[in-house]
Amino acid sequence: MGAVIAEDGPDAGVPWHYGDPGAEQRLLESGSGIVDLSHRGVLTIAGPDRLSWLHSLSTQHLEGLQPGESSTALLLGPTGHIEHVLQLVDDGETVWAHTEPGRVGDLVAFLESMRFMLRVEVTDRTEQLGIVWQPGTPPAGRITRSGEDSLGGYESFVPRDHLSDYLDQPEQRAGTWAYEARRIAAGVPRVFVDTDHRTIPNEIGLLGTHLEKGCYRGQETVARVHTLGRPPRRLVLLHLDGSVDALPERGAELTLGDKTVGFVGSSVRHHELGPIGLGLIKRNVPVDATLAAGEISAAQQVLVDPEVGLHVRARL
């Protein structure tokens with residue numbers, strides 16, 4: 001069967017599956033497969049000041065990033081809310097990065113506004129480069145990224161005029177359905193898919209955030225929540241009722257009784273776990289409470305401890 005292209009949602013425009021999503025999930029788990037993520041935005045940042053500049057702007061330690069070393073950096077607003085995300089690797093001369101679909105224009109514009117007199121050059125490369133994901137160890141001689149959020153694989157930056165040749169491996173192809181099932185089961189959130197405009201890093205497990213790092217925009221909120229108070233909300237893995245022949249829509253309300261306590265981010269049918277999803281819920285929701293997304297019941301699995309933070313002291 002040929003590719004079934006996703007028509008809507010964050011992954012619109014790339015193959016959703018190739019006829020057998022369960023077999024494609026098993027293929028990825030076996031250490032084989034290839035996934036087309038060419039809808040993601042791609043940018044490069046060149047110049048001798050690139051790492052120190054990104055270090056000063058983002059949540060991540062980047063000044064000492066070595067050639068070939070990968071990272072995930074968040075750019076926060078003044079009150080600590082996540083505004084941009086870069087999944088990046090440095091090759092010794094240039095930072096290569098990708099971000100969520102439809103977000104690269106705003107990201108490049110923000111970075112350009114923060115250049116001042118520094119020796120950096122920010123370029124949108126989306127029209128020239130596409131992202132392809134594979135499980136396993138990155139090969140030599142290619143620009144690849146492999147971080148903690150790479151799901152046991154790596155992302156390759158592939159020239160678009162070579163994408164069709166690169167992906168022309170029928171026995172290896174898997175769609176975003178299989179990739180998302182792997183991601184959600186691993187509890188790895190996608191910024192802007194599993195988060196909203198109010199999300200701070202503490203709520204999703206401090207993804208890409210170094211608390212001991214020096215000042216960056218929004219750092220005060222992140223440090224205060226970590227040191228003095230619990231995160232307002234927490235990320236959970238949702239085990240959805242498999243007897244209902246539907247998945248909740250992204251953004252659907254999560255309720256406990258008659259109270260709204262959060263929302264559903266992404267959801268998918270996993271070949272072993274059944275229907276699963278990620279949700280962002282209020283911190284004080286009991287960890288053993290069964291929630292509801294409309295008519296679909298949802299048991300929660302803790303991903304972010306509601307008591308997380310430096311303020312927590314051992315009970316003697």
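The values are calculated or read from the model by the stated rules, or taken from the named source; none is laboratory data. What you are looking at is a predicted structure, and each value in this text was computed from that prediction instead of being measured. Every residue, glycine among them, receives a Cβ derived from its backbone with ideal geometry; neighbour counts consider all protein chains shown. Surface areas here come from the heavy atoms of the whole protein model, side chains and all, with no ligands, DNA or RNA. Shrake-Rupley method; radii C 1.70, N 1.55, O 1.52, S 1.80 Å.
Summary table below
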quantity	calculated
Sparsely packed GluC sites (Glu not before Pro) within region 195-239, loop by DSSP, other Cβ within 10 Å at most 16	E212
Using a Förster distance of 45 Å, the FRET efficiency for S30-M117 (Cβ separation, nearest 0.05)	0.30
Cα gyration tensor, region 162-316 - rounded (a/c under 1.5), prolate or oblate	oblate
Estimated distance in nm for a label pair at Q172 and D241, the labels positioned 7 Å out from Cα along Cα-to-Cβ	4.3
Cβ-defined net charge surrounding A246, 12 Å radius [Lys, Arg +1; Asp, Glu -1]	-3
Exposed-site-free run, longest, the chain (rule: trypsin sites (Lys or Arg not before Pro); DSSP loop; at most 10 other C-beta within 10 Å)	143-312
Local net charge near G274, Cβ-Cβ under 13 Å (Lys/Arg +1, Asp/Glu -1)	-2
Alpha carbon centroid spacing (whole Å) that separates region 57-117 from region 162-187	25
Neighbourhood charge, 15 Å Cβ-Cβ cut-off, centred on Q169 and excluding it, Lys, Arg +1 and Asp, Glu -1	-4
Two-site label geometry, E127 and D91: point separation in nm, points 7 Å out along Cα→Cβ	2.0
With every protein chain in place, the chain: carbon and sulfur % of accessible area (1.4 Å)	50
Three-way shape call for the chain based on the alpha-carbon gyration tensor, with the a/c threshold at 1.5	oblate
Long-range tail of P(r) for region 257-310 (Cα pairs > 15 Å, %)	49
Pairwise centroid distance, computed over Cα atoms, of region 9-44 with region 283-300, Å	29
Extension reserve of the E272-D196 stretch, reckoned as 0.36 nm per residue once the Cα distance is removed	24.5 nm
